[in-house]
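Below is one structure, written out as structure tokens; the observations come after it.
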Amino acid sequence: MKLAMIGTGYVGLVTGTCLAESGNEVTCVDIDLAKIERLRQGDIPIYEPGLAELVVRNAAQGRLHFTADYKDAVSDARLVFIAVGTPQDDKGAADLKYVMAAAAAIAPHLQPDAVVVIKSTVPVGTNVKVAAKLSEVAGRPCDVASNPEFLKEGAAIDDFQRPDRVVIGVRTENAKRLLTQLYKPFLRTSNPLLSMTPESAELTKYVANAMLAAKISFINEMANLCELKGGDINDVRQGIGHDQRIGFQFLFPGVGYGGSCFPKDIRALAQMEREVGMEPRMLDAIDEINTAQKNTLIEKIEKHFGGPPKGKTIAVWGLAFKPRTDDIREAPALVLLDYLLQSGARVQTHDPEAMPNVKKEYALRKDLGNLDQRLVFADHPLDCLEGAHALAINTEWNVFRNPDFDQMKKLLAAPLIFDGRNLYSAETMREYGFTYHSIGRAVVKP
Ligand code: NAD
């Protein structure tokens with residue numbers, strides 16, 4: 001089938017590539033000309049495991065194309081996906097300006113029986129708004145389906161190719177038939193394609209993210225209780241996770257969730273509730289707990305040093321909002337970095353993939369003064385420990401899980417770790433003689 005993918009970011013590029021891999025001919029469009037040019041050269045602008053090989057192979061075999069020209073992409077496509085960003089606006093709602101601009105741009109080029117498929121995460125009612133915009137510009141009714149995406153960055157290819165379920169919100173038999181045909185190769189096991197109204201599909205995505213975020217904020221609140229009451233959150237987690245009604249997923253205490261989805265989606269869902277006169281008590285609590293949790297390492301650092309670590313060097317491992325991605329949107333590590341730099345500390349940091357994005361971000365931060373010598377990036381995790389008064393860990397990359405503790409102790413000016421992801425056991429920390437602060441567990445002192 002011929003497809004167009006409007007928006008070639010984390011979702012659009014993965015979706016377009018996986019759909020090309022299953023035999024479709026896909027043309028990806030983006031307004032970012034530099035991105036399109038890089039993709040044409042086989043240079044992948046994001047880090048997502050396994051993606052580069054798939055893009056290069058499908059492009060070489062003529063099933064995956066990149067263009068900035070909507071007409072080229074859309075005029076012979078049966079399905080036209082919209083996968084552009086839906087960032088937060090100043091009220092906390094989803095800003096639909098990119099979605100509506102994409103709709104206006106594709107409308108003049110749509111085939112009469114084409115179906116426009118909204119893959120971006122959008123509030124209830126967007127399907128209707130997009131349909132109205134398309135009809136207004138095209139001068140005839142247009143069929144619009146909603147098909148929210150549930151992939152996780154870091155495991156996006158596998159998630160797309162082996163989805164737990166596919167959700168489609170459709171109004172016509174034509175849309176249902178085309179989307180069922182499209183997703184059939186990915187649903188050969190018992191995992192279902194769930195067909196519903198566009199409104200239910202739009203809501204399903206937000207409700208899924210809110211449920212997952214709720215689990216994270218819940219376990220973080222319980223971890224804080226453990227710290228104050230003397231329990232160990234790891235034991236509690238085991239104790240509840242084996243209950244099959246509860247399970248283990250998304251119950252890891254830490255420095256809070258970040259990324260391009262949970263923070264904005266929880267706020268957008270809360271905003272939807274406000275719009276209809278509801279008070280989003282649960283959603284506000286999830287967000288507030290998470291915002292506070294991003295300060296948890298800061299509080300532990302201040303408590304340890306008896307105030308801000310001015311003049312100290314702090315090593316920071318992990319900048320991405322989670323492992324196996326270079327995405328730093330709303331990453332808890334940035335809250336810590338800002339605090340350390342504002343406090344007059346020097347930061348030596350390492351992340352396997354996210355350093356280029358952090359360098360770009362902080363190059364724009366004129367409010368923090370000259371960072372040349374105060375924010376240093378190391379190519380190897382151990383290189384950033386030299387002379388540091390403490391190590392703070394934000395992201396649970398595998399490479400941080402079993403490091404050379406003897407070497408770490410030699411390099412650090414003091415054997416002190418603030419672990420925001422509970423990577424190490426108390427026994428190991430005791431054995432190597434570290435002072436070790438983690439989440440929801442007692443402090444280990446040598
Ligand atoms: P992104 O910022 O990585 O990519 C969006 C792309 O759209 C950018 O390359 C941008 O240049 C392009 N774009 C903007 N306006 C355009 C236009 N008019 N025409 C063509 N291209 C345009 O965003 P993303 O992370 O891929 O997210 C896209 C959507 O998918 C969002 O609604 C997001 O909430 C949702 N989503 C994201 C994830 C995720 O893990 N990133 C998962 C599920 C759903």
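The values are calculated or read from the model by the stated rules, or taken from the named source; none is laboratory data. This is a predicted model, so every value here is computed, not measured. For neighbour counting, all protein chains shown are included, and Cβ atoms are generated from backbone atoms with ideal geometry for every residue, glycine included. To get the accessible areas, we keep the full protein, side chains included, count just its heavy atoms, and leave off ligands, DNA and RNA. Shrake-Rupley method; radii C 1.70, N 1.55, O 1.52, S 1.80 Å.
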So if I take the centroid of the Cα atoms in the range 171-241 and the same for the range 269-293, what is the distance between those two points in Å? 18
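Normalising by the residue count of the range 294-437, find the relative contact order in percent from Cα pairs under 8 Å and 6+ residues apart. Mind showing how you got there, number by number?
Working: 263 pairs, mean separation 37.0, N = 144.
For the range 294-437, the relative contact order is 26 percent.
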What nm value, rounded to one decimal, do you get for the distance between Ile31 and Arg188 when each label is placed 7 Å out toward the C-beta? 4.0
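Order Ser190, Ser135 by their accessible area, 1.4 angstrom probe, all chains in place, largest first.
Details: Ser190 105, Ser135 40 Å².
The residues order as Ser190, Ser135, largest area first.
Rounded to the nearest 500, what is the chain's calculated 222 nm mean residue ellipticity when only DSSP H runs of at least 4 contribute -39500 (n - 2.57) each, over all residues? Mind showing how you got there, number by number?
Details: 17 runs with 187 residues, N = 446.
Mean residue ellipticity, 222 nm, calculated: -12500 deg cm²/dmol.
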What is the log10 of I(q)/I(0) for the range 156-300, computed with the Debye formula using one identical point scatterer on each Cα and no solvent, at q = 0.09, 0.13, 0.21 Å⁻¹? -0.39, -0.76, -1.26
So, in Å, what gap is there between the alpha-carbon centers of the range 414-432 and the range 1-51? 41
What aspartates and glutamates sit close enough to Lys366 to cross-link, taking a C-alpha to C-alpha distance under 17 Å and skipping anything fewer than 8 places away on the same chain? Asp338
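Quick one: ranking Arg140, Arg401 by accessible area, 1.4 Å probe, largest first, what do you get?
On the way: Arg140 70, Arg401 110 Å².
Solvent-accessible surface, decreasing: Arg401, Arg140.
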Excluding ligands, DNA and RNA, what is the solvent-accessible area per residue of the chain at a probe of 1.4 Å, expressed in Å²? 44
Scan the chain and note any complete DSSP helix (H) whose C-alpha atoms cover at least 20 Å along its axis and whose Kyte-Doolittle average is 0.0 or more. 198-229
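If eta is 1.306 mPa s and T is 10 °C, what Stokes-Einstein diffusion coefficient results for the chain, Kirkwood Rh from Cα pairs, in µm²/s?
Reported coefficient: 68 µm²/s.
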Residue list for the range 289-333, given a label point 7 angstrom along the Cα-to-Cβ vector of Gln373 and an amide N cut-off under 15 Å: 311-313
Please list the three semi-axes, largest first and in whole Å, of the ellipsoid equivalent to the range 206-291, using sqrt of 5 times the eigenvalues of its alpha carbon gyration tensor. 26, 13, 11
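With a 1.4 Å probe and all protein chains kept in place, how do Lys360, Lys119 rank by accessible area, largest first?
Values: Lys360 130, Lys119 5 Å².
The ordering from most to least exposed comes out as Lys360, Lys119.
Quick check: at a probe of 1.4 Å, how many percent of the accessible area of the range 342-446 sits on carbon and sulfur atoms?
Numbers: 2340 of 4980 Å².
Looking at the range 342-446 in its full context, I get 47 percent from C and S.
Classify the range 2-195 as rounded, prolate or oblate, taking a ≥ b ≥ c as the square roots of the eigenvalues of its Cα gyration tensor: rounded when a/c is under 1.5, otherwise prolate if a/b is larger than b/c and oblate if not. Before the final figure, lay out each step's value.
On the way: a/c = 1.33, a/b = 1.17, b/c = 1.13.
Taking the square roots of the gyration eigenvalues as a ≥ b ≥ c, the range 2-195 is rounded.
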Could you please state how large a percent of the accessible area of the range 2-195 is carbon and sulfur, counting protein chains only and using a 1.4 Å probe? 51
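Can you figure out the FRET efficiency of Ala413 with Lys229, using R₀ = 30 Å and their beta-carbon distance, to the nearest 0.05? Provide the component values of the computation, followed by the final result.
Numbers: r = 33 Å, r/R0 = 1.11.
According to the calculation, E is roughly 0.35.
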